[in-house]
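Step one of this worksheet: look at the structure below.
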Amino acid sequence: MSTLASHRWYSVLAGRLGRCAVRCAVAVLLALAGVLVAPSAARAVTDPVFVRVGSQPEGVAVTPDGRHVYVAESKSFRVSVIDTTSNKVVARAHVGGNPVGVAVTPDGRRAFVTDSQSDVVSVIDTTTNEVVGRVHVGSTPGDVAVTPDGRRAYVTNAGSDDVSVIDTTTNQVVGSPLHVGSGPFAVAVTPDGHRAYVTNSTGWPVPVSVIDTSTDQVVGLHVSVGNFPAGVAVTPDGHHVYVTDQLGTVSVIDARTDKVTGDPIPVGSQPNDVAVTPDGRRAYVTNFASDSVSVIDTSTDTVIGTPIAVGGSANGIVVAPDGHHAYVTLHCCGAVAVIEI
């Protein structure tokens, strides 16, 4: 996700950049100096390791084998690849202007990267880390999610208020755009591949759209959550959907009824993204303006412990397949924070 205030889709994030320099001081000093905390060093479990990447990192994805992390750098016009063993950047792929979202296919062979400026999705061969395709989608593409069978990629287009569906075999858009709500922001697909949940960032009440992936039809537009919903994640059992909103809370949708269950969960200021651990026991939420990550116990839907400080502008997040680490992009710092969980 991007903070380009010139686009309506990003207006909720406007004004953050002026505060970044002070809030990111620690992370910047560590990252720019190339100082990395070794995974074996004596430290608290939640002390982050900082990996320097490019300018204004946004989306982040991990390969199924957990060996590499792909980071979209919106102002460097590229994707950095981090080796998770060494916590060092080992490759870079130039993808065009303003890459925002990134997703890796279940077989680990391709990475799909949205380019919000050029209205395309770049396809990266993860073996060579070269761009092997460019797919034209809707206006201002932001997030992308690949189905569990790897056959389709769903792309939110904030500027045209729709979702494009890509056939990952041919790298072609299939069917007509799926019209969802206003300013579609993020997308997540259920583990069984039957549904895709899309957050819409504008309008009131603000809905989460539900797509039936077997027919590519929007089957629900009225799952109302909080103000300016952003990140979305589905639990591994497919029963619950976690959605962040700019009121500083996380809403939980029962995927079996597509209704919000329980009360909103208070987290930090301006929560942005959310990721659920592979065992489904925890949800990790990035708090952009609180410079932290909140941890939710999914059995009780309550925040546990104190927020994990990451140095500033916590943006995108992904949890490794083994559930041992989370990777957080620090938007203003040009770094990724690696958290042991």
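The values are calculated or read from the model by the stated rules, or taken from the named source; none is laboratory data. Keep in mind the model is a prediction, meaning the values are calculated, not measured. When we count neighbours, we look across all protein chains shown, and the Cβ atoms used for this are built from the backbone with ideal geometry, even at glycine. Accessible surface areas use protein heavy atoms only, side chains included; no ligands, DNA or RNA. Shrake-Rupley method; radii C 1.70, N 1.55, O 1.52, S 1.80 Å.
Key figures for this structure:
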{"quantity": "Complete set of residues in the stretch 225-238 that are assigned to a strand (DSSP E or B) and either open to solvent by less than 20 Å² (accessible area, probe 1.4 Å) or under 13 Å from ILE265 (Cβ atoms) (or both)", "calculated": "PRO229, ALA230, GLY231, VAL232, ALA233"}
{"quantity": "Candidate set from the stretch 321-341 (those that are over 15 Å from the mean Cα position of the chain (by Cα) and part of a loop (DSSP other than H, G, I, E, B)); member that is nearest to SER55 (Cα to Cα)", "calculated": "GLY334"}
{"quantity": "The one condition in (1) crowded, with 22+ Cβ neighbours inside 10 Å; (2) out of contact with any Asp or Glu (no Cβ under 9 Å at 6 or more places or on another chain) that PRO266 fails to fulfil", "calculated": "(1)"}
{"quantity": "The stretch 295-310: number of residues that are of a type in the set (A, V, I, L, M) and over 15 Å from SER269 (Cβ atoms)", "calculated": "3"}
{"quantity": "Residue tally, condition free of Cβ contacts under 8 Å to residues at least 24 places away in the same chain and either touching a Lys or Arg at 6+ places or on another chain (Cβ under 6 Å) or assigned to a strand (DSSP E or B) (or both), over the stretch 239-264", "calculated": "2"}
{"quantity": "Filter result (touching a His at 6+ places or on another chain (Cβ under 8 Å), over 11 Å from VAL328 (Cα atoms) and at pLDDT 95 or above) within the stretch 57-78", "calculated": "VAL62, ARG78"}
{"quantity": "Test set (1) under 15 Å from the mean Cα position of the chain (by Cα); (2) at pLDDT 95 or above - SER116 fails condition number", "calculated": "(2)"}
{"quantity": "Candidate set: the stretch 60-106, residues that are among the charged types (D, E, K, R) and within 18 Å of GLU340 (Cβ to Cβ); chosen: the one surrounded by the most Cβ atoms within 10 Å (Cβ to Cβ)", "calculated": "ARG67"}
{"quantity": "Counted residues, the stretch 282-327 - those being buried (at least 17 other Cβ atoms within 10 Å of the Cβ), among the acidic types (Asp, Glu) and either without any contact (Cβ under 8 Å) to a residue 40 or more places away in the chain or more than 19 Å from PRO236 (Cα to Cα) (or both)", "calculated": "1"}
{"quantity": "Subset of the stretch 138-158 [in a loop (DSSP other than H, G, I, E, B), open to solvent by 30 Å² or more (accessible area, probe 1.4 Å) and in contact with an Asp or Glu (Cβ under 8 Å, 6 or more places away or on another chain)]", "calculated": "SER139, PRO148, ARG151"}
{"quantity": "Test for ILE253: is it out of contact with any Asp or Glu (no Cβ under 9 Å at 6 or more places or on another chain), open to solvent by less than 10 Å² (accessible area, probe 1.4 Å) and under 21 Å from ARG152 (Cβ atoms)", "calculated": "no"}
{"quantity": "Positions within the stretch 265-274 being part of a strand (DSSP E or B) and more than 17 Å from GLY59 (Cα to Cα), in sequence order", "calculated": "ILE265, PRO266"}
{"quantity": "Test: VAL189 is open to solvent by 20 Å² or more (accessible area, probe 1.4 Å), of a type in the set (A, V, I, L, M), at pLDDT 95 or above and under 21 Å from SER160 (Cβ atoms)", "calculated": "yes"}
{"quantity": "Residues of the stretch 159-175 satisfying the condition of being under 22 Å from the mean Cα position of the chain (by Cα) and in a loop (DSSP other than H, G, I, E, B)", "calculated": "GLY159, SER160, ASP161, THR168, ASN171"}
{"quantity": "Residue check for THR128: modelled with pLDDT of 95 or more, under 20 Å from ASN315 (Cβ atoms) and not acidic (Asp, Glu)", "calculated": "no"}
{"quantity": "The stretch 265-281, subset of a type in the set (D, E, K, R) and in contact (Cβ under 8 Å) with a residue 24 or more places away in the chain, residue nearest to ASN200 (Cα to Cα)", "calculated": "ASP273"}
{"quantity": "Meets criteria (open to solvent by 30 Å² or more (accessible area, probe 1.4 Å) and more than 19 Å from the chain's Cα centre (by Cα)) for ARG195", "calculated": "no"}
